[in-house]
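Visitor: Here it is, the structure, as structure tokens.
The values are calculated or read from the model by the stated rules, or taken from the named source; none is laboratory data. From a predicted model like this one, the values you see are computed outputs, not experimental measurements. Cβ coordinates were reconstructed from backbone atoms using ideal geometry, including for glycine residues, and neighbour counts include every protein chain displayed. Surface accessibility is based on the protein's heavy atoms, side chains included, excluding ligands, DNA and RNA. Shrake-Rupley method; radii C 1.70, N 1.55, O 1.52, S 1.80 Å.
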Amino acid sequence: MKRFPSIKKNRDFQRIYRNGRSYANRLLVMVVEKTEDEKVHIGISVSKKVGNSVVRHHLTRSIREIFRLNKHKIKTGSNIVVVAREAAAHSDYKGLEGAYLHLCGLHNMLIEGSK
């Protein structure tokens, strides 16, 4: 089984926050740092303000699944940090997926013709 390409270390999150570009919508904030690597790594951050641990873990799993299913639509060579906002706790899966793809479009990360 392949490992999930996640960002786990605090120093990596801090580097991406410092060097990356940020766009946001009502549900999510996305910070992207371009890299020379041919892979795409993702870090997911859900604050305690969003909800209890059940809600936070549900959001984390949903965002991870959205990333996994839409990975083929994203250009390679970037590190992504996704921060869930409080409104994301009241959104359904399709709303989260739409917000994620919207932010990928703002970052010009979508491969042409892959909608």
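Visitor: Which of the residues spanning region 45-97 are of a type in the set (Lys, Arg) and in a helix (DSSP H, G or I)?
Guide: The answer is ARG56, ARG61, ARG64, ARG68, LYS71, LYS73, LYS94.
Visitor: Something else now. Pairs needed: first member in region 95-114, among the aliphatic types (A, V, I, L, M); second member anywhere, assigned to a helix (DSSP H, G or I); C-beta distance under 7 Å; at least 6 residues apart or different chains.
Guide: Qualifying pairs under 7 Å: LEU96/SER62; LEU96/ILE63; LEU96/ILE66; LEU96/ALA88; LEU110/LYS73; LEU110/CYS104; ILE111/LYS73.
Visitor: Return the only residue of ARG85, ARG68 being open to solvent by 90 Å² or more (accessible area, probe 1.4 Å) and either among the aromatic types (Phe, Trp, Tyr) or under 23 Å from ARG18 (Cα atoms) (or both).
Guide: Unique residue meeting the criteria: ARG85.
Visitor: Pairs, please: C-beta under 8 Å, at least 6 apart or cross-chain, first residue farther than 16 Å from GLU112 by Cα and among the hydroxyl-bearing types (Ser, Thr, Tyr) and in region 70-83, second open to solvent by less than 10 Å² (accessible area, probe 1.4 Å) and in a loop (DSSP other than H, G, I, E, B)?
Guide: So the pair list comes out as SER78/MET109.
Visitor: Restricted to region 1-44, and to residues that are assigned to a helix (DSSP H, G or I) and in contact (Cβ under 8 Å) with a residue 60 or more places away in the chain, which residue is least open to solvent (accessible area, probe 1.4 Å)?
Guide: ILE16
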